[in-house]
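The next block holds one structure in the form of structure tokens; read it before the comments.
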Amino acid sequence: MSAFARIRWIKEGVKRRYNTPMESTIRFVEQHWDALLLPLSVMAVTLLIGLVVRNVVFRTLRRWAAGTKSKLDDIVVEALRSPFMIWVLMLALHFGAQTSRLPVRAQNTTAQFLLILFIISMTLVFSRLAGVLIHSAGGLSSTSLTGNVVRIVVVLLGVMIVLNTLGISILPILTALGVGGIAIALALQDTLSNLFGGFSVSMAGQVRIGDYIKLDSGEEGYITDISWRSTSIRSLQNNAVIIPNAKLAKATITNYNLPEQSMAVSVAVSVSYDCDPQAVENVLLDEARKAAEQVPGLLSAPAPIVRFMPGFGPSSLDLTLICHVRKFADQYLVQHELRKRIVRRFREAQIEIPFPTRTIYMHDESSKT
């Protein structure tokens with residue numbers, strides 16, 4: 001290598017060493033700083049206007065939502081307030097790019113990129129908002145299964161809009177998913193059976209969150225959630241019982257909350273054969289009416305009744321006091337309090353509660369010989 005070539009090679013190496021992307025950017029800004037004034041000014045004004053609009057508009061919306069009884073408007077306002085400035089920033093970047101000296105193709109690319117980001121952010125916001133609204137609606141809609149399904153539907157719609165914006169046809173994708181779905185369905189038979197079992201149970205409306213149910217297999221408790229695979233039940237002992245949805249869909253279920261929460265409760269009472277059944281009935285009805293005003297969960301309407309059932313026992317007259325409680329769990333305290341009051345009242349009225357008796361006849365076999 002000649003001396004001239006060596007000197008040229010050294011100069012190019014020094015030039016490459018100090019011509020880094022950062023230095024190139026700084027050099028570009030120093031040379032074209034006047035071209036950046038307008039885009040930066042437009043972006044700053046847009047951000048300032050967006051900040052003012054957010055403070056004014058959302059302060060007004062919060063005041064309006066606080067004056068309503070529903071909580072849904074509060075949820076909507078808070079869900080839109082958080083990403084609002086992100087949308088304003090995207091708008092500011094768009095205006096800045098459109099007012100810059102960038103090539104038209106670069107401006108269009110930037111606008112399309114910002115539009116896709118906006119669609120994605122809107123999809124995430126509406127997905128979260130849909131899940132919250134479904135949960136707040138209560139009833140069968142508040143299960144995690146229905147909430148997740150709604151979120152997935154919103155996300156899929158957002159993906160379809162993004163693909164359409166990019167000019168990508170979704171028909172080949174749907175075709176591929178249709179062919180692959182057969183293999184997936186065969187491999188996930190148990191999972192899909194639980195999934196569709198949860199759908200059938202939720203959409204039928206015969207089992208809802210908060211209902212007290214009892215299965216023919218013996219499991220019972222309050223329904224706390226219906227998910228993709230299973231239904232969670234909280235027993236009265238505060239234990240969690242997990243039941244696969246497929247089993248729940250096939251089971252015979254007793255729902256103590258349908259058609260209404262109130263239910264009849266019976267208290268069996270036995271008295272001596274020497275007692276007057278009508279007098280015993282009057283005492284029982286009087287105690288039940290008094291307890292309805294004092295015992296939590298015991299209802300005064302429908303009025304309590306007494307039936308001479310099951311009737312004549314081996315050593316007693318058997319009657320049944322029937323009253324109504326507000327919900328399933330109230331029956332235990334009501335029965336407890338009624339039995340204490342009945343025992344105390346029977347002692348005051350000298351109504352005997354007999355012990356089981358048996359008459360034994362004895363024959364003297366020696367007298368026959």
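When the residues of the range 243-259 are filtered to those that are among the polar types (S, T, N, Q) and surrounded by fewer than 18 Cβ atoms within 10 Å (Cβ to Cβ), which remaining residue is nearest to the chain's Cα centre (by Cα)? Full working, then the answer.
At the first step, the residues of the range 243-259 found to be among the polar types (S, T, N, Q) are 245, 252, 254-255, 257.
Right, trim to surrounded by fewer than 18 Cβ atoms within 10 Å (Cβ to Cβ) and you get 252, 254-255.
Working: THR252: 24, THR254: 22, ASN255: 20 Å.
Residue satisfying both the conditions and the ranking: ASN255.
Mind listing whichever residues of the range 101-111 are assigned to a helix (DSSP H, G or I) and either in contact with a helix residue (DSSP H, G or I) (Cβ under 7 Å, 6 or more places away or on another chain) or under 20 Å from ILE75 (Cα atoms) (or both)? Spell out how you get there, then give the answer.
Kept after step one, since they are assigned to a helix (DSSP H, G or I), are these residues of the range 101-111: 104-111.
Once the filter is applied, which keeps residues that are assigned to a helix (DSSP H, G or I) and either in contact with a helix residue (DSSP H, G or I) (Cβ under 7 Å, 6 or more places away or on another chain) or under 20 Å from ILE75 (Cα atoms) (or both), the range 101-111 yields GLN107, THR110, ALA111.
Which of the residues spanning the range 91-129 are aliphatic (A, V, I, L, M) and at pLDDT below 80? Spell out the reasoning first.
Of the range 91-129, the ones aliphatic (A, V, I, L, M) are 91-93, 97, 102, 104, 106, 111, 114-117, 119-120, 122, 124-125, 129.
Once the filter is applied, which keeps residues that are aliphatic (A, V, I, L, M) and at pLDDT below 80, the range 91-129 yields ALA97, LEU102, VAL104, ALA106, LEU129.
Any residue in the range 87-109 that is hydroxyl-bearing (Ser, Thr, Tyr) sitting within a Cβ distance under 6 Å of a residue that is part of a helix (DSSP H, G or I)? List the pairs, counting only those 6 or more apart or interchain.
THR99/LEU38; THR99/PRO39; THR99/VAL42; SER100/PRO39
Identify the single condition in (1) assigned to a helix (DSSP H, G or I); (2) of a type in the set (Gly, Ala, Ser); (3) touching a residue at least 60 places away in the same chain (Cβ under 8 Å) that ALA249 does not satisfy, given that it satisfies every other one.
(3)
Within the set of pairs 6+ apart or on separate chains, which have a first residue in the range 353-369 that is closer than 30 Å to LYS340 by Cα, a second that is at pLDDT 70 or above and loosely packed, with under 10 Cβ neighbours inside 10 Å, and C-beta atoms under 9 Å apart?
PRO354/ASP274; PRO356/PRO314; THR357/PRO314; ARG358/PRO314
Can you tell me how many residues within the range 260-275 are loosely packed, with under 15 Cβ neighbours inside 10 Å and hydrophobic (A, V, I, L, M, F, W, C)?
Counting residues in the range 260-275 that are loosely packed, with under 15 Cβ neighbours inside 10 Å and hydrophobic (A, V, I, L, M, F, W, C) gives 2.
Find the residue count for the range 69-128, including only residues that are under 40 Å from the mean Cα position of the chain (by Cα), of a type outside the set (S, T, N, Q) and within 23 Å of THR165 (Cα to Cα).
Residues in the range 69-128 being under 40 Å from the mean Cα position of the chain (by Cα), of a type outside the set (S, T, N, Q) and within 23 Å of THR165 (Cα to Cα): 25 in total.
Being modelled with pLDDT of 75 or more and part of a loop (DSSP other than H, G, I, E, B) narrows it down to one residue among THR60, THR68; which is it? Talk me through it step by step, then tell me what you get.
Working: THR60 fails: part of a loop (DSSP other than H, G, I, E, B).
The unique qualifying residue is THR68.
The values are calculated or read from the model by the stated rules, or taken from the named source; none is laboratory data. Quick caveat: nothing in here was measured; it's all calculated off a predicted structure. Positions of Cβ are backbone-derived with ideal geometry, glycine not excepted, and every protein chain shown enters the neighbour counts.
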